[in-house]
Amino acid sequence: MARLDATSPPTLTDEERARYEWQMWTPGFGEAGQRRLKGAAVLVSRVGGVGSVVAYELAAAGVGRLVLAHAGNVKPSDLNRQLLMTHGALGTSRVQSAARRLAELNPNVVLEPVPENVADANVAGLVSQVDLVASCAPLFEERLRMNREAVRQGKPLVDAAMYDMTAQVMTVLPGRTACLACLYPEVPPAWKREFPVFGAVSGTAACMAAVEAIKILGGVGRPLEGRMILMDLASMNLMTRRVERRRGCHVCGEL
């Protein structure tokens with residue numbers, strides 16, 4: 001698999017040139033950027049309300065390989081937001097449903113469904129396989145775990161989260177920007193696993209996160225380096241906040 005620093009990303013087939021034609025018109029991207037996407041791999045955890053849309057947009061854009069990590073089976077309460085799940089898939093594996101839908105969208109993408117949530121036992125191996133981590137889990141423990149391992153391995157991470165009508169997106173470039181632990185040294189107290197969610201809100205955060213991943217992998221545009229997007233979609237108030245590295249951060253303070 002080609003890496004971000006590869007000198008010779010994979011070539012495109014004629015079918016791929018036709019598929020991605022319109023996005024290759026983007027100035028500064030072109031066929032070179034598309035080849036970089038094809039040679040890249042992304043870990044998406046999880047493929048729920050946020051992660052399912054991130055995975056969908058990355059597959060549509062032509063990221064060459066997606067590692068999808070999510071345990072459990074599809075439940076009725078998933079279907080208002082987890083857009084890779086279907087009514088017919090109720091009771092079956094979430095990641096298998098996601099992989100099936102993504103393969104229907106773009107058969108050129110290599111899909112690796114992992115029916116596990118990111119945990120201490122598997123995080124190093126999962127992160128080592130990819131070029132970028134899309135952190136889309138609802139639990140702070142899992143997000144902080146991916147942040148720690150991405151920083152340790154020097155892999156960029158895009159963190160996308162939402163609650164009710166609010167959402168945020170942050171990019172971590174190890175050694176250059178604040179990491180998630182700079183903002184959240186510990187898991188916030190009283191954080192609940194279940195909370196209010198509209199699919200349109202989680203999808204908004206997801207699309208912004210997918211754009212960040214595409215910019216980093218494709219070498220186009222300006223990533224959210226040292227910045228975080230905060231959105232209150234109830235009032236349609238969007239703002240960009242500066243985020244600074246925290247001196248003494250137990251994750252990135254030594255870099």
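The values are calculated or read from the model by the stated rules, or taken from the named source; none is laboratory data. Worth saying up front: this structure is predicted, and the values here are computed from it rather than measured. Glycine gets a Cβ as well: all are built from the backbone with ideal geometry, and neighbour counts include every protein chain shown.
Numbers below:
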{"quantity": "Exclusive hit being without any contact (Cβ under 8 Å) to a residue 24 or more places away in the chain, polar (S, T, N, Q) and either in contact with an Asp or Glu (Cβ under 9 Å, 6 or more places away or on another chain) or part of a helix (DSSP H, G or I) (or both), set Ser97, Ser52", "calculated": "Ser97"}
{"quantity": "Subset tally (residues that are over 17 Å from Arg145 (Cβ atoms) and assigned to a strand (DSSP E or B)) for the stretch 55-67", "calculated": "2"}
{"quantity": "Members of the stretch 109-134 that are surrounded by 17 or more Cβ atoms within 10 Å (Cβ to Cβ) and within 22 Å of Arg19 (Cβ to Cβ)", "calculated": "Val109, Leu111, Asp131, Leu132, Ala134"}
{"quantity": "Near pairs, Cβ below 7 angstrom, 6+ apart or cross-chain, from the stretch 18-41 (in a helix (DSSP H, G or I)) to any residue that is surrounded by 14 or more Cβ atoms within 10 Å (Cβ to Cβ) and hydroxyl-bearing (Ser, Thr, Tyr)", "calculated": "Gln34/Tyr20"}
{"quantity": "Among residues of the stretch 55-86, those that are buried (at least 21 other Cβ atoms within 10 Å of the Cβ), hydrophobic (A, V, I, L, M, F, W, C) and either under 14 Å from Ser135 (Cβ atoms) or without any contact (Cβ under 8 Å) to a residue 40 or more places away in the chain (or both), counted", "calculated": "8"}
{"quantity": "Total residues in the stretch 68-78, condition modelled with pLDDT under 95 and assigned to a loop (DSSP other than H, G, I, E, B)", "calculated": "0"}
{"quantity": "Criterion (closer than 19 Å to Leu83 by Cα, outside any helix (DSSP H, G or I) and not aromatic (Phe, Trp, Tyr)) met by exactly one of Glu104, Glu112", "calculated": "Glu112"}
{"quantity": "Close pairs from the stretch 175-201: first farther than 25 Å from Lys155 by Cα, partner of a type in the set (Ser, Thr, Tyr) and assigned to a strand (DSSP E or B), Cβ under 9 Å, at least 6 apart", "calculated": "Phe195/Tyr163; Pro196/Tyr163; Val197/Tyr163; Val201/Tyr163; Val201/Thr166"}
{"quantity": "Any hit, the stretch 236-254, residues being under 25 Å from Ser77 (Cα atoms) and either in a strand (DSSP E or B) or in contact with a helix residue (DSSP H, G or I) (Cβ under 9 Å, 6 or more places away or on another chain) (or both)", "calculated": "no"}
{"quantity": "Residue within the stretch 3-17 that is farther than 22 Å from Gln129 by Cβ and buried (at least 21 other Cβ atoms within 10 Å of the Cβ) present", "calculated": "no"}
{"quantity": "Tally of residues being in contact with an Asp or Glu (Cβ under 6 Å, 6 or more places away or on another chain), closer than 21 Å to Ile214 by Cβ, assigned to a strand (DSSP E or B) and of a type in the set (S, T, N, Q) across the stretch 144-201", "calculated": "1"}
